[in-house]
Each structure stands twice: as C-alpha cells, then as structure tokens.
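Trainee: Here it is, the structure, as structure tokens.
The values are calculated or read from the model by the stated rules, or taken from the named source; none is laboratory data. Quick caveat, the model's predicted, so the values are computed rather than measured. Cβ placement follows ideal geometry from the backbone for every residue including glycine, while neighbour counts extend to all protein chains displayed. For the accessible areas, the whole protein counts, side chains as well, though only heavy atoms, and no ligand, DNA or RNA atoms are used. Shrake-Rupley method; radii C 1.70, N 1.55, O 1.52, S 1.80 Å.
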Amino acid sequence: MSTARGEFSSRFGFLMATSGSAIGLGNIWGFPTNAASNGGAAFLFTYILMAFSLAYPALMAELIIGRHTRANAVGALRQLATGPVSRKIGTGVGLAGLITVSLILSFYAIIGGWMMAWMFEAITSMIGLDTASRWLAVDAVPRNALFAVVFLALTIYIVSAGVRNGIEKWATRLMPSLLVILILLIIYVFTLNGAMAGVRAYLVPDFSRVANTGLIVSALGQAFFSLSLGVGTMLIYGSYLSSNENLPQTGGIVVMLDTGFSFLAGLLIIPAIYVALATGVQIYDDAGALVAGPGLIVSLLPTLFDSMGLAGAVVGLVFFALMTIAALTSSISMLEVPVAYTVESLGTERRKTTILIGSAVTFISLTIVFNFGVLFDLVVTLTTEYSQPLLGFFLAIFVGWIWNRNSVLQEVQKGYAGVEHSLFWKIWPFYIRYICPLAILAMYVQ
Ligand code: TRP
C-alpha cells in the first residue's frame, strides 16, 4: 500500500472537521431536551463541568494516540501494546469501536433523514405542494427509509472524496454556516412572544438538582456522546493532524466550541418550547412531563412553525437545514472510522471501500427502520450507554497504564515544547490514569 495517508491542510481545517464531528444532533437535539427535562441551568452547569473535567482528558487521549501512531484505532492500539495480551485487548477495543460507531451511524442516519424530510416538508409547503408536504410530515416507514438512504448517500459521497477534498472541504464550508444559521434563529425566536420565559427557565438554575446522581450520569453521557468519544472517531481525526500543532490547546478549543454550541442550541430550543406554549401548543404530556426527545423536535417544533404561516415555513426550512448540516458533519466522522481501518489494513481503494461499507451501514439502517419499535431504542442504548463508555474506559487504560509515559510526553511536546512544565501535564496524566477510568466505571454502575 503505497498511497500516503491523508492529512488536514491546516489547523483551521482540523478544527472545523473535529468540531463538525462533535457538534451534531447531540448538541442541537440531545442537549436542549436533556436540559429542558433536567432543571435547565443545573444540567448546563453539570454538563460543562463534565465536558472539561472528564471528556476533555479522554479527548486528549484519543488525539494523542492518533497523532502519535498515525493509524486507525485498531492499528494504533496494536502499536501501543507492550505484549501479546495488551495487543489482543487493543485489537478487540479497536474493532469493537469500529462496530459501535457503524451502529451509531445506522441510527443517526435515521434521525438525520427525519431532519431532511422536514426540510423538504417546509419547501413543499412553501410552494404549495400540499400532497407532498403531507406525505413528508407523516412519520411512516417509506418516508423514513427513503431519507435514511439519502442521508447516507450524502455521507458516502463526502467520505469517498478523502480527508482533504471531502471531510475537510465540507466541514469548513458547513460549520461556519451552521453558526450563522443558529444565531439568526436565536435572534428570531427571541422576538417572539413567550421566549423570555424560556430563557429564564433555561438560565435560572435550580441548584437543588445539581447533586442528583441521575443528572450527573446523563450529563457525563451527554458530554461523551457530544465529543464523539470512545469509538476511534477523534483518534482517526487526530491521526490526520500535523505534528506542529499544540494538542492540549487545540483539543481545548474543540471542547469550547462543542459546549458553546450546546449552550447556544439551548438558547434556541428552550425558548422555542415556551413560544409554543404561549401559542397554545401542549408542551407537557399527559403525565405532566415535558415533551422531550423525538416528540420535541419532530412534533412540537413543526406544530409551532405551522402556526406561523409563511414565516413559519421559512424558519422551519432554515431550522431543519441547520439540523441536517450538523448531522452530516458528524456522520462523515463516523463513516471515516471503518473506512480508514479497511483502507489501511487491507490496502483497498478508498472510494470503493467507502461505498461498500456505506452500503452495509445503509442495510443495517434500513433494518432498523423496518423494525423500528424493536430495534431503535435497543441499538441506541447498546451503543451509547454500554459500548461507548466501556470503550472510553479501555482507551484511558491504554494511555494511562500501558503506553509509556515518556513517549506520551514526547508526542505532546511536538507542538508544545514547554508542556512538561504546564498545568496540563501536572493534571492530565493523573486524570487519565485514575480519575477517567473510575468516573466511567461509576457511570457504568449507575
Ligand atoms: N458528537 C456527535 C453529536 O453530538 C455525534 C457523533 C459523531 C458521535 N461521531 C461520533 C457519537 C462517535 C458517538 C461516537 O451529534
């Protein structure tokens, strides 16, 4: 295999791709609904704490391994192994990550597909195609199957073009537009009646809930999912980063961008819920709980947009375009994991490999669509609540206990000569050795 590995062309390109991976449905959908049902600012506060104290160290572990080994997760962990046992564990963790992330992609694409369906719904209702618009608005198997396939086709298209011409190019185009769209939507929603009550509900903390263990566990889970950790996504992006870059700083920026986006998404979604309340839409279900999860984004918000006439259709279009873009820059980072492994270990051609693996994921995704009631929640729970944290645990063990500490230091020094005397190096090695594995185990027990 003689082809050179891909590399991001600049720090900006890396930041866009990596934050593109991190910022996704987890931020714009998962975070606000979690915050709305967990005491607003109490959740925000705990989430930020978890992101910087536990997710950031884990992110650094993946970025450092990736950049040092310049390999996909399986190859990387095999390189770090010090004997036959750790080699086997490394291979197992790498492969399990690859399978997990492919399964995450297969359900993520279904949600991404819903977002695209609603985007087209807004367009068709704007131009008066009522039959099409009604078809697009109904949650049905043919619609969901069609749009999961379209979403995955776009993902395959971008990934097949490679690191620089696919992933980096599209992330640098899409991520800045994402920020602009989000801010415009926030400004618009703030002008609507009822929004300020939502801002208050979001930002005035109910600190009695901060110590709640359920809340801490969901905040940590949210932070891990949102930073795409545990499955080799960040590892592979790190492997495409130039050695001149300061890793602790670059990783810190990614965490800030990711939590910043979640914060902003909360400023959009939670006030929007209260605007809906002010216009008479029911935002609490029969049991008195806030409509959260799927119900929030794909029934509450469309109802709100519908009640606003033409302006609503425009806002709906922009909103679901935002969701689609966010989902797409994340899905490409997921597909890159199995593609990079296959290309590097079997020496296959990138475009063909991407199409083949993408088709396999599409097949799984369609299987879930056709057996939604049985499979969807199951796959989500298995991958995000069991597999992802467990793999994060093993990655922390690899860096903290198996990989030689000096060699870790040498890698970080490459873009940051003085790191040995920095705060980062005083804290992080201890964290990744003891605190991260223990915290993840504690979360697991919960
Ligand atoms: N972080 C993304 C989001 O918040 C999703 C994502 C991308 C992801 N790659 C991942 C989640 C790998 C888990 C593992 O939407």
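Trainee: On the first, second and third principal axes, largest extent first, how far apart are the outermost C-alpha atoms of the stretch 137-259 in Å?
Mentor: Principal-axis extents of the stretch 137-259 (Cα, largest first): 46, 43, 30 Å.
Trainee: Report Rg/Rh for the chain, rounded to two decimals, where Rg is the Cα radius of gyration and Rh the Kirkwood radius.
Mentor: That ratio is 0.97, to two decimals.
Trainee: Compute the angle between helix 309-346 and the longest alpha-carbon principal axis of the chain, please, reported from 0 to 90 degrees and rounded to the nearest 10.
Mentor: The two axes meet at around 20 degrees.
Trainee: Under a straight-distance cross-link criterion of Cα-Cα below 22 Å, which lysines are reachable from Lys414, leaving out those fewer than 8 residues away in the same chain?
Mentor: Lys426
Trainee: A further question on this structure: Can you tell me the order of 280-286, 184-190 when each peptide is scored by its average per-residue count of other Cβ atoms within 10 angstrom, highest first?
Mentor: Descending packing order for the listed peptides: 184-190, 280-286.
Trainee: Would you work out the charge dipole size for the chain about its Cα centre, treating the Cβ of every Lys and Arg as +1 and the Cβ of every Asp and Glu as -1, and quote it to the nearest 20 debye?
Mentor: For this selection, approximately 1160 debye.
Trainee: Mind checking the angle between helix 41-50 and the chain's longest principal axis? C-alpha axes, 0 to 90 degrees, to the nearest 10.
Mentor: Roughly 20 degrees, rounded to the nearest 10.
Trainee: Give, in nm to one decimal, the length gained when the segment between Asp139 and Tyr386 is fully stretched (0.36 nm per residue of separation minus the Cα-Cα distance).
Mentor: Computed gain between Asp139 and Tyr386 is 86.1 nm.
Trainee: Let me ask you something else. If r is the Cβ-Cβ distance from Asp286 to Ala360 and R0 is 45 Å, what FRET efficiency results, to the nearest 0.05?
Mentor: For Asp286 and Ala360, the calculated efficiency is 0.65.
Trainee: Continuing with this model, one more query. Leu310 label point, 7 Å along Cα→Cβ, cut-off 12 Å on backbone N: hits in the stretch 109-146?
Mentor: Counting only backbone N, you get 126-128.
Trainee: Sticking with this structure for a sec: On a 0 to 90° scale, report how tilted helix 247-278 is relative to the longest principal axis of the chain, with both axes built from alpha carbons and the result rounded to the nearest 10.
Mentor: Around 10 degrees separate the two axes.
Trainee: Summing +1 for each Lys or Arg and -1 for each Asp or Glu, what net charge is found among the other residues whose Cβ lies under 10 Å from the Cβ of Thr69?
Mentor: Result for the local shell: +2.
Trainee: Taking Cα pairs under 8 Å and at least six residues apart, what relative contact order does the chain come out at, in percent?
Mentor: 35 percent
Trainee: Expected output is a single nm value to one decimal: the length gained when fully extending between Met256 and Gln79, i.e. 0.36 nm times separation in residues minus the C-alpha distance. What is it?
Mentor: Gain in length upon complete extension: 60.7 nm.
Trainee: Additional query: With r defined as the distance between the Cβ atoms of Ile127 and Thr367 and R0 fixed at 45 Å, what FRET efficiency is calculated, to the nearest 0.05?
Mentor: For R0 = 45 Å, the calculated efficiency reads 0.85.
Trainee: Using the Cα centre of the chain as origin and beta-carbon charges of +1 (Lys, Arg) and -1 (Asp, Glu), tell me which of Ile325, Val298, Pro142 is placed farthest towards the positive end of the dipole.
Mentor: Ile325
Trainee: Follow-up question, since we're still on this one. Packing-wise, with mean Cβ within 10 Å as the measure, how do 50-63, 160-173 rank, highest first?
Mentor: With the highest mean Cβ count within 10 Å placed first, the list reads 50-63, 160-173.
Trainee: Right, something else. Regarding the stretch 35-128, what's the average projected area of the Cα-atom convex hull, expressed in nm²?
Mentor: 9.8 nm²
Trainee: Can you give the FRET efficiency for Ala153 and Arg87, using 1/(1 + (r/R0)^6), R0 = 45 Å, r = Cβ-Cβ distance, to the nearest 0.05?
Mentor: With a Förster radius of 45 Å, E is 0.75.
Trainee: Further question on the same structure: How big is the accessible area of Val231 in square angstrom, nearest 10, if you roll a 1.4 angstrom probe over the protein chains?
Mentor: Val231 has an accessible surface of roughly 10 Å² with all protein chains in place.
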